[in-house]
Amino acid sequence: MNARRYPHSVDVVIVGSGPTGAAYARILSERAPGATIAMFEVGPTVSDPPGAHVKNIADPAERARAQMASEGPGERGAKVANPGAAKAGVRGARPGTFLLEDGYAFDGEDGMPVAAMSSNVGGMSAHWTGACPRPNDSERITFLPDLDELLAEGERLLGVRTDAFDGAPFGAIVRERLSAAVDEGRIEATRVQRMPLAAHRRDDGRLVWSGSDVVLGDVTRDNPGFSLIDESLVTAVLRDAGRAAGVRVRDLRSGGEHEVAARFVVVAADALRTPQLLWASGVRSPALGRYLNDQAQIVFAARLRDMPPLDADAPATGLAEYSGVSWVPFTEGMPFHGQIMQLDASPIPLAEDDPVVPGSIVGLGLFCAKDLQADDRVAFDDEHVDGYGMPAPRIHYTFTARDHAVMERARQEIVRLGEAVGDPLDSRPFTLPPGSSLHYQGSTRMGVVDDGTSVCDVDSEVWGVPDLFVAGNGVIPTSTACNPTLTSVALAVRGARKIAAVLSREQVATESIAV
Ligand SMILES: Cc1cc2nc3c(=O)[nH]c(=O)nc-3n(C[C@H](O)[C@H](O)[C@H](O)COP(=O)(O)OP(=O)(O)OC[C@H]3O[C@@H](n4cnc5c(N)ncnc54)[C@H](O)[C@@H]3O)c2cc1C
C-alpha cells in the first residue's frame, strides 16, 4: 500500500479511493487474485489504515487535522462552517468536505450552492454517517434482476449491520412513537426500523465506523498486485483504437507526469469529478453530466417527551449512543426517506442556556426524491478550471413544480413526525440549501440501451468506450431519496465482477497458449 513507484502498466487502474473504487479493488482481489491493480487518489492519506473513517481517530486535534487535509486544494480552514451556518444562510461546508468555488448557480436556476466533495484516501466515506438503507419501490433499478444479491454483497463489503446502537436506551422509544405515526398500511419492509449502518462495535464497546478501509479489507491490503498511490491526480483517460488503454497521472508531490497503461480503467471519482475526467479525456456522450440529482433535505428537531430516567450504566459518549439512528423508509405514497438521529449531525444549533437531558433531543431529516430532468446537469467548458487545474464543474439545477410540492409535503410530514416523538424545538422545519444531502446522482447514469439518456451499460461500462468503467452515485439511474452509497457499491460489484471474469478468462487463455 502507498508505494510511490508509478507502474508502467497494470491490468486495472482505479481512479478514486472512495467506497466505490475500493469495491472494485476488493472484488478484483477476491476474484482475480493474479491481477495487478493501481488505485490513484488525488487527496492525501489522512487515517490509518488508509481510508479509515476519521471519527475513529480518538484524538480531537488529530481528527480535525485529518478533516482539514481532506478539504481540497483551496485555502483550508476558513470555509469550514459550524453546524448552524446553513440555517443562518451561510454557504458552509461540513468538516472533511469543500465546496465549488463558483459555477454552483446560474440566473433563473436554483443551483446547488453547497455541492461538496472530499479529497482524501477514502473519499467522503472517511467523513460520512454510514447510513446504508436499501432502496424501495421506484428507487429500485428495475432492469437489474440481481439487484438484491448485489445489495447484499454491498452490505458485506461495507460491513453494514443494524445492531450498532442496540444499547441506546431511547432508540426503541423513538421508533415506537414514529411507528404509531407512520406504519399503518405499510408492508414490513417499509415500516419504521433501525437504520442499517456501516458501523460495528469492537469487543471493548467502542464504535468503529466503516470507511474505504473496511471495503478494501485485508484481502486487498495483502494483495501483492494492489497499490494505492495518493496525492496523484489523474488528468486523462488514454484511449487506443477507441478502447480505454490507461491514464495520465500527475504526482502532486513532485509535479511529475506519468502514463500508466491498463487493460481496464475504472473512474470512481465522485458524481461531479467522474464526468469531469471523462469530459477532460474527450469522452463526451450526450448524457454525460445530465440527470444530475440531489435529494432536497428538510430538517426539524424535537425534544423527546416523558423520557424515563437513564440507568446508571447508560452510555456516556455521543448522543447517538442514547437515541440511536432510526429509519422511516421511502414509499411511493410518502416519497421521502426519513433519518432520525442525534443532533450533532444536524444543522440546528442547541441552545447553550437550556440544560438538556443527554440524548433527549433528536434531529429529524427527510430527504426528497427529485424529479429527473436532462437539463439538470454538471457541465464543463474550456474556460473555467478548478483548484486542480481540471475543467471546473458548472452546475445547472432547477426544482420543478412537483419538486416544490414534494418538499412542501415533507415539511408538513416532518412536523407531524416531530410532534409524534416529542416537543418540536422550532416553529417550522428548515429546508437546507440544494447540495446539502451530499448524495449527487445521475451524472454518469446506467441504462439498458445507448439511446442518449445514459452514459454506461448495466455493468457500468461506458457506451462507446470499451474497457472504461464508471463508479459512484452518478451511476444510479433512478430518482432516490435514500442514502445512495450502498446502491452505488452494489453497482460497482457488478462492474468489478465483469472485469474479473474477463481477466480470468484471458489468464486461462494465456496459460493454455503457454502450455
Ligand atoms: C458528512 C457526510 C455524511 C454522509 N452520510 C452518508 C450516509 O449516511 N449514507 C450514504 O449513503 N452516504 C453518505 N454520504 C455520502 C457518501 O460518503 C458518498 O456517497 C460516498 O463516499 C461516495 O463514494 P464514491 O466512491 O463514489 O466517491 P467518494 O467517496 O467521493 O470518493 C471519490 C474519490 O475520488 C477522488 N478523485 C476525484 N477526482 C480524481 C482524479 N482526477 N484523480 C484521482 N482521484 C480523484 C476524490 O479525491 C475522492 O477521494 C455522506 C457524506 C458526507 C461527507
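Output ³J(HN,Hα) for the stretch 416-422: one whole-Hz value per residue in order, computed from phi by the Karplus curve 6.51 cos²θ - 1.76 cosθ + 1.60 with θ = phi - 60°, and x for Gly and Pro.
Taking θ as phi minus 60°, the curve returns 4, 5, x, 5, 5, 8, x Hz for the stretch 416-422.
Name all residues of the stretch 104-123 having a backbone nitrogen under 18 Å from the label point set 7 Å from the Cα of His404 along its Cα→Cβ direction, giving them as ranges.
106-112
Can you work out ³J(HN,Hα) from phi for every residue in the stretch 21-27, in order, using Karplus 6.51 cos²θ - 1.76 cosθ + 1.60 and θ = phi - 60°, giving whole Hz and x for Gly and Pro?
After applying 6.51 cos²θ - 1.76 cosθ + 1.60, I find x, 5, 5, 4, 4, 5, 5 Hz.
Once the piece of chain linking Arg428 and Arg156 is laid out straight, how much longer is it, given 0.36 nm per residue of separation minus the C-alpha distance between them? Could the numbers behind the result be given before it?
On the way: separation 272, 0.36 × 272 = 97.92 nm, distance 3.94 nm.
Contour length minus Cα-Cα distance gives 94.0 nm.
Post the alpha-carbon centroid distance, the stretch 164-192 to the stretch 384-407, in whole angstrom.
Their Cα centres are 35 Å away from one another.
For a quick check: with amide H placed at 1.01 Å from N, whose amide H comes under 5 Å from Ala93's, ignoring anything fewer than 5 positions away on the same chain?
Counting only residues 5 or more places away or on other chains, the set is Ala81.
Suppose R0 equals 22 Å. What FRET efficiency, 1/(1 + (r/R0)^6) with r the Cβ-Cβ distance, do His200 and Met68 give to the nearest 0.05?
0.25
What list do you get for Tyr322, Tyr104 if you sort them by fewest beta carbons within 10 Å?
By the 10 Å Cβ count, ascending, the order reads Tyr104, Tyr322.
In whole Hz and in residue order, list the ³J(HN,Hα) couplings for the stretch 379-389 that follow from phi through the Karplus curve 6.51 cos²θ - 1.76 cosθ + 1.60, θ = phi - 60°; x for Gly and Pro.
With coefficients 6.51, -1.76 and 1.60, one gets 10, 9, 8, 7, 8, 9, 10, 8, x, 9, x Hz.
Could you tell me the center-to-center distance, by alpha carbons, between the stretch 216-257 and the stretch 39-72 in angstrom?
Taking the Cα centre of each part, the stretch 216-257 and the stretch 39-72 sit 20 Å apart.
Taking a virtual spin label 7 Å from the Cα of Ser138 along the C-beta vector, which residues in the stretch 427-465 bring their backbone nitrogen under 18 Å of it?
Within reach of a label on Ser138, which here means backbone N under 18 Å from a point 7 Å along Cα→Cβ, the stretch 427-465 contributes 441-442.
Rounded, prolate or oblate: which fits the stretch 215-257, taking a ≥ b ≥ c as square roots of the Cα gyration tensor eigenvalues, rounded meaning a/c under 1.5, else prolate when a/b beats b/c?
oblate
So, in nm, how far is label Asp459 from label Glu257 when the simple model puts each one 7 Å beyond its Cα toward the Cβ?
So the label points at Asp459 and Glu257 sit 3.2 nm apart.
Helix-only estimate, please: 222 nm mean residue ellipticity of the chain, summing -39500 (n - 2.57) across DSSP H runs of length 4 or more and dividing by its residues, to the nearest 500.
One gets -7500 deg cm²/dmol as the mean residue ellipticity at 222 nm.
Please give the helix 485-514 orientation as an angle from the longest Cα principal axis of the chain, in degrees from 0 to 90, rounded to the nearest 10.
The answer is roughly 20 degrees.
Just in the stretch 218-308: which trypsin sites (Lys or Arg not before Pro) are loop by DSSP and have at most 14 other Cβ atoms within 10 Å?
Those satisfying the criteria are Arg253, Arg284, Arg305.
Just want the ordering: Leu228, Leu207, from fewest to most Cβ atoms lying within 10 Å of their own Cβ.
Numbers: Leu228 26, Leu207 20.
Ranked by crowding around the Cβ, least crowded first: Leu207, Leu228.
What is the fewest-to-most order of Lys498, Lys55 by other Cβ atoms lying within 10 Å of their Cβ?
Lys498, Lys55
With angles folded into 0 to 90 degrees, how steeply does helix 147-158 sit against the dominant principal axis of the chain? Use alpha carbons for both and round to 10.
The two axes meet at around 90 degrees.
All of the numbers you see were taken from the coordinates with simple rules; none came from a lab. Here the structure is a predicted model, which means the values were calculated and not measured. So basically every Cβ, Gly included, is an ideal-geometry build from the backbone, and we count neighbours across all protein chains shown.
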